[in-house]
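The values are calculated or read from the model by the stated rules, or taken from the named source; none is laboratory data. Worth saying up front: this structure is predicted, and the values here are computed from it rather than measured. Cβ placement follows ideal geometry from the backbone for every residue including glycine, while neighbour counts extend to all protein chains displayed.
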Amino acid sequence: MADAIRTEGLTKDYGESRGLFDLGLEVGAGEIFGYLGPNGAGKTTTIRLLMDMIRPSGGRAEVFGVDCQSHPVEVKRLVGYLPGEMPQWGGLRGRDVVAYVGGLRGHIDPGRVSGLAERLDLDLGRRYREYSSGNKRKLGLLLAFMHPSRLLVLDEPTSGLDPLMQQEFYRLVEEARGEGTTVFLSSHVLSEVERVCERVGILRRGRLVQVARLDELHHLRYHRLEADFVGEVPVDAVRALPGVEQVTVEDHHLSCAVRGGFGPLLQVLGKGQVLNLVTHEPTLEEVFLAYFRDEQEKAPVAPGAAS
Amino acid sequence: MTATAPASDTSVPLMAAGGERGGVRTMVRYALRTHRWAFAAVAFIGFVGPYSTGASYAKLAATAAARASFGRQTTALGPQLAYLVPLPLRPDTVAGYLWWKGLTWMPLVVAVWGLAAATGLIRNEEERGLMETWLATPFSRVRLLLSRVGAFAIAVLGAVVITAIGTAAGIAAGKATVTFPALVEQGVSVLGMALACLGIGLAAAQLASTRRSALALGGVVMLALYALDALARVNPGLDGWAAISPFHLADLTTAVVPGGHFAGAATLALYGIAVVLIALSALGFQRRDLLASLLRRRTGEARVVRSASTVPLLRIPVLRSLWQQRIGLAGWVIGSVAGAAFIVSIARGTGKLLKSAGGFKNYVAAAGTSSAATAVVTSVWLSIAAVIVAAYAITQTSHWASEDAGGRLEMEIAQPIARWRVVAERAVALVVAAVVMAAVGSVVTAAIAPSQGVHLDTGGLVTATALLALLALTFGAVGALVISRLPRVAVPVLAVVAVAGFYIPLFAPLFTWPSWVLNLSLFHLYGAPLTTGVYWTGLWVMLAIVVLGFGGATAAMRVREVGS
């Protein structure tokens, strides 16, 4: 059976080192694949190349063995698509947009539309311009999920959704996988990809730097911890702990990066008098910087080897 | 920063250039930039209209006797056109004729500009989310609105100056002179008119909740005021009421006409209307929510809809496009019907005058008929219908460009449809709409014409109607080709094609241009099918433009990048 997505040397060169370069990627049928990268890394460029919105400077892309550039209509029959930015539908009501896009596709199942609108809590009777950004995103999701497709291509699908709706979206993705649908979703939030994906591809500055199963990415995972002490900071004990890095102390303020569990660190911190304790997930760019600091010698994966 | 920090401490780029004054300058510059195309169009019309009128007058009425005769005929013709323009004053002089034919349109032109600017600048910026950005800076709503008014006034003033230069040049071409104060007085009146209409538009923009509804509301008010002025011209009993119409107040200044005068009180009233409406608009803008009407009422719980629309037209190619613009299309059809009904209803009276006036006999003869009334219908109405369908095609091009820029095209071609179908569907929808507009206008013409003693050839009327659709398609083809490469300039390019097409046939005889230059005008290519039959060269050229334009647009659509 053909891969759901296969690209070979796919390149879109916008000049000045901007674009996508030499992408070799294989996404298996029925897989949920996360496509990670900071803003401007080339995620949307990849998706637009797959959808034949833009033309490659080199290389090729296939969806279920169908060439994206020479047979785009056949590809789109197989795909449900959520663009990164929703189009301007102006004064059309949500129900009109659904009927219009459904008409372009040929047929939609009214029951499926109603079910999705119910689950996403979306009022299709309102005008598009009256929708909040979250509701516009919900409409986009409804349009992507409303017809049976073999592949869902979703560009930053949870952007603008509240946490409850994000959960509903994750359930929709799980159900789609249960029906055998492949899901290719882009994101710049590591935790979101961890929540739903089986494998991830990491893109940086237009190049695929890693493709791995989720459990193989744990070495990327870390948290930042900030703590304020009333008295002295037990800095030596902290520095001696395995998995604790980038330790800095300023007056009575401790800052460090923690890989793995917090248990040993909390035990050490408990020896001092902690006034305030905060942890936060680093941005993807910070993760990459940490990763590349560790792996300075490591070159980007060779084309074709990233599957 | 503390809560008591002064506003000037919160430095933002908008204000950083030079405090509040720098911010105002930035806002005015931004607003001026948005007026550049409208300024170019109005300045062009303002210069070319008066100049061509003066130059043509010099040729038509070269001697004193000819001028006297021409004046008599124009005076006789005036009442027939009183619904459209004021009665002529001293048409036996170049300045009088130039005012009547070249300048009495200016209030209408600047009124449209004022309305479009008022609803476009404020409401459009709200709908695009720009207003939130402006208001997130330390810049009050009143100041923002006034910066828009200031920019509009500067742009109109520039256009008025160019119109004054065109007027002086036109009068000079007719071997006469006009005083500088007279030009200033005329210009001051036009500027007041523009600001009054801007005020009407701004007030409408506070009362409506969307740009389109503001445009519609302002348009209805403006149309009513225009109609009031027109009715007052033929019914002196309405003169008192007409005083509330800015069109009437602007008509009263005739400073460039020999013996004319500057209506100081009327002009002051124009500025008064502007000041009051702009002040009320500023108050309204301060009180209302963004993206909402000042009159917004709380609505009850609406029923939540979870299903797709059941309108079958939304699922049928071509009809789905027409359904989405049904209200706008209805407006175009009504405009077409109103135009046809008006022209045909004045055909007999105008025709009699044309026949009795020696200078206009050639005009009737050129229309290829012995019936002057028929000449009015066949020449005047079809010329107006051609302009209407061309304007419609330009609005469609604008619609296509905004669809492409707004992401709709991306969503459409993300569905399993070939790209060429997008272009084909646009072309067919344009033709269908143009046929509907032209056909309804023609049916009304054919229905009313017998009551005016005008008998039209049915076959000729059908041909003329079909050619109107071809004319619309020709404009659309040029637009489709341009938006496939340069979507942002498509509408300005088409506007230039339309305006040039309108003026080339006027200038060609004046400057004895060769006949091929005439064929550069799409309106000339349309010809006068009801009077002189099909202009075959024009027909073939239009067909070639359609094939090349939509063919090129289709080829470009196949390879163009969408959403990049």
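Could you list, in sequence order, all residues of the stretch A:100-117 that are at the interface with another protein chain (Cβ under 7 Å from one of its Cβ atoms) and either modelled with pLDDT of 95 or more or in contact with a Gly (Cβ under 6 Å, 6 or more places away or on another chain) (or both)? So that I can check it myself, show each step before the final result.
Keep residues of the stretch A:100-117 that are at the interface with another protein chain (Cβ under 7 Å from one of its Cβ atoms), which gives A:100-105, A:108, A:110, A:113-114, A:117.
Across the stretch A:100-117, the qualifying residues are A:I108, A:V113, A:S114, A:A117.
State whether the residues of the stretch B:311-325 include one that is of a type in the set (D, E, K, R), touching a Leu at 6+ places or on another chain (Cβ under 8 Å), assigned to a helix (DSSP H, G or I) and within 13 Å of chain A (Cβ to nearest Cβ).
Yes; the residues of the stretch B:311-325 include at least one that is of a type in the set (D, E, K, R), touching a Leu at 6+ places or on another chain (Cβ under 8 Å), assigned to a helix (DSSP H, G or I) and within 13 Å of chain A (Cβ to nearest Cβ).
Would you tally the residues in the stretch B:512-564 being more than 14 Å from every other protein chain (Cβ to nearest Cβ) and on the phi > 0 side of the Ramachandran plot?
Of the residues in the stretch B:512-564, 3 are more than 14 Å from every other protein chain (Cβ to nearest Cβ) and on the phi > 0 side of the Ramachandran plot.
Any idea how many residues of the stretch B:410-435 are facing chain A (nearest Cβ under 10 Å) and either under 21 Å from the mean Cα position of the chain (by Cα) or among the basic types (K, R) (or both)?
The total comes to 2.
Taking B:A438 and the conditions (1) more than 14 Å from chain A (Cβ to nearest Cβ); (2) in contact with a Ser or Thr (Cβ under 9 Å, 6 or more places away or on another chain); (3) surrounded by fewer than 23 Cβ atoms within 10 Å (Cβ to Cβ), which numbered condition does it fall short on, given that it satisfies the others?
Only one criterion in (1) more than 14 Å from chain A (Cβ to nearest Cβ); (2) in contact with a Ser or Thr (Cβ under 9 Å, 6 or more places away or on another chain); (3) surrounded by fewer than 23 Cβ atoms within 10 Å (Cβ to Cβ) is unmet by B:A438, namely (3).
Where in the stretch B:87-201 are there helices (runs of 4 or more DSSP H), lying fully within it, with 3 or more residues that are under 18 Å from B:H35 (Cβ atoms)?
Values: elements: B:94-98, B:106-119, B:130-135, B:141-173.
Once the helices (runs of 4 or more DSSP H) in the stretch B:87-201 are filtered for at least 3 residues that are under 18 Å from B:H35 (Cβ atoms), what remains is B:106-119, B:130-135, B:141-173.
Please specify each residue of the stretch A:110-169 satisfying the condition of being farther than 25 Å from A:S191 by Cβ, outside any helix (DSSP H, G or I) and hydroxyl-bearing (S, T, Y).
Within the stretch A:110-169, A:Y131, A:S149 qualify.
Within the stretch A:21-59, track down each residue that is in contact with a Pro (Cβ under 6 Å, 6 or more places away or on another chain), on the phi > 0 side of the Ramachandran plot and either more than 14 Å from every other protein chain (Cβ to nearest Cβ) or of a type in the set (G, A, S) (or both).
So in the stretch A:21-59, the residues in contact with a Pro (Cβ under 6 Å, 6 or more places away or on another chain) come out as A:22, A:24, A:49, A:52.
When the remaining residues are screened for being on the phi > 0 side of the Ramachandran plot, the result is A:22, A:52.
The one that is in contact with a Pro (Cβ under 6 Å, 6 or more places away or on another chain), on the phi > 0 side of the Ramachandran plot and either more than 14 Å from every other protein chain (Cβ to nearest Cβ) or of a type in the set (G, A, S) (or both): A:D22.
Within the stretch A:126-139, does at least one residue satisfy the condition of being out of contact with any helix residue (DSSP H, G or I) (no Cβ under 6 Å at 6 or more places or on another chain), at the interface with chain B (Cβ under 9 Å from one of its Cβ atoms), farther than 17 Å from B:S309 by Cα and free of Cβ contacts under 8 Å to residues at least 12 places away in the same chain?
There is at least one residue in the stretch A:126-139 that is out of contact with any helix residue (DSSP H, G or I) (no Cβ under 6 Å at 6 or more places or on another chain), at the interface with chain B (Cβ under 9 Å from one of its Cβ atoms), farther than 17 Å from B:S309 by Cα and free of Cβ contacts under 8 Å to residues at least 12 places away in the same chain.
Any idea which of B:A340, B:A357 is away from every other protein chain (no Cβ under 14 Å) and either at pLDDT 90 or above or closer than 24 Å to B:L430 by Cα (or both)? Quick ask: steps written out before the conclusion?
Working: B:A357 fails: either at pLDDT 90 or above or closer than 24 Å to B:L430 by Cα (or both).
Every option except B:A340 fails the conditions.
Under the condition of being surrounded by fewer than 18 Cβ atoms within 10 Å (Cβ to Cβ) and either touching a Ser or Thr at 6+ places or on another chain (Cβ under 7 Å) or hydroxyl-bearing (S, T, Y) (or both), which residue from the stretch B:371-409 is farthest from the other protein chains (Cβ to nearest Cβ)?
B:S383
Select the helices (runs of 4 or more DSSP H) contained entirely in the stretch B:369-435, then report the ones holding at least 3 residues which are within 20 Å of B:F550 (Cβ to Cβ). Don't jump to the end; show me each part of the working.
On the way: elements: B:372-375, B:382-405, B:408-413.
Because the criterion is at least 3 residues that are within 20 Å of B:F550 (Cβ to Cβ), the helices (runs of 4 or more DSSP H) in the stretch B:369-435 that meet it are B:382-405, B:408-413.
Return the residues of the stretch A:88-99 that are more than 7 Å from chain B (Cβ to nearest Cβ) and out of contact with any strand residue (DSSP E or B) (no Cβ under 9 Å at 6 or more places or on another chain); say none if nothing qualifies.
Answer for the stretch A:88-99, where residues must be more than 7 Å from chain B (Cβ to nearest Cβ) and out of contact with any strand residue (DSSP E or B) (no Cβ under 9 Å at 6 or more places or on another chain): just A:V97.
Could you tell me whether any residue of the stretch B:507-515 is in contact (Cβ under 8 Å) with a residue 40 or more places away in the chain, out of contact with any Gly (no Cβ under 9 Å at 6 or more places or on another chain) and more than 27 Å from B:G54 (Cα to Cα)?
No, that holds for no residue.
For A:E85, work out the one condition from (1) in contact with a strand residue (DSSP E or B) (Cβ under 8 Å, 6 or more places away or on another chain); (2) at the interface with chain B (Cβ under 9 Å from one of its Cβ atoms); (3) not in a helix (DSSP H, G or I) it doesn't fulfil.
The single condition A:E85 does not satisfy is (1).
Can you name the residue in the stretch B:525-553 that is under 27 Å from the mean Cα position of the chain (by Cα) and assigned to a loop (DSSP other than H, G, I, E, B) and, of all such residues, is surrounded by the most Cβ atoms within 10 Å (Cβ to Cβ)? Full working, then the answer.
Filtering the stretch B:525-553 down to residues under 27 Å from the mean Cα position of the chain (by Cα) leaves B:525-530, B:538-539, B:541-543, B:545-546, B:549-550, B:553.
With the extra rule that they be assigned to a loop (DSSP other than H, G, I, E, B), the set shrinks to B:527-530.
On the way: B:G527: 22, B:A528: 20, B:P529: 22, B:L530: 26.
Across the stretch B:525-553, the extreme among qualifying residues is B:L530.
All but one of (1) farther than 28 Å from A:G19 by Cβ; (2) at pLDDT below 80 hold for A:V189; state the number of the condition that does not hold.
(1)
For the stretch A:6-17, which positions are under 16 Å from A:F64 (Cα atoms) and in contact with an Asp or Glu (Cβ under 7 Å, 6 or more places away or on another chain)?
Filtering the stretch A:6-17 down to residues under 16 Å from A:F64 (Cα atoms) leaves A:6-8.
Of everything in the stretch A:6-17, just one residue is under 16 Å from A:F64 (Cα atoms) and in contact with an Asp or Glu (Cβ under 7 Å, 6 or more places away or on another chain), namely A:R6.
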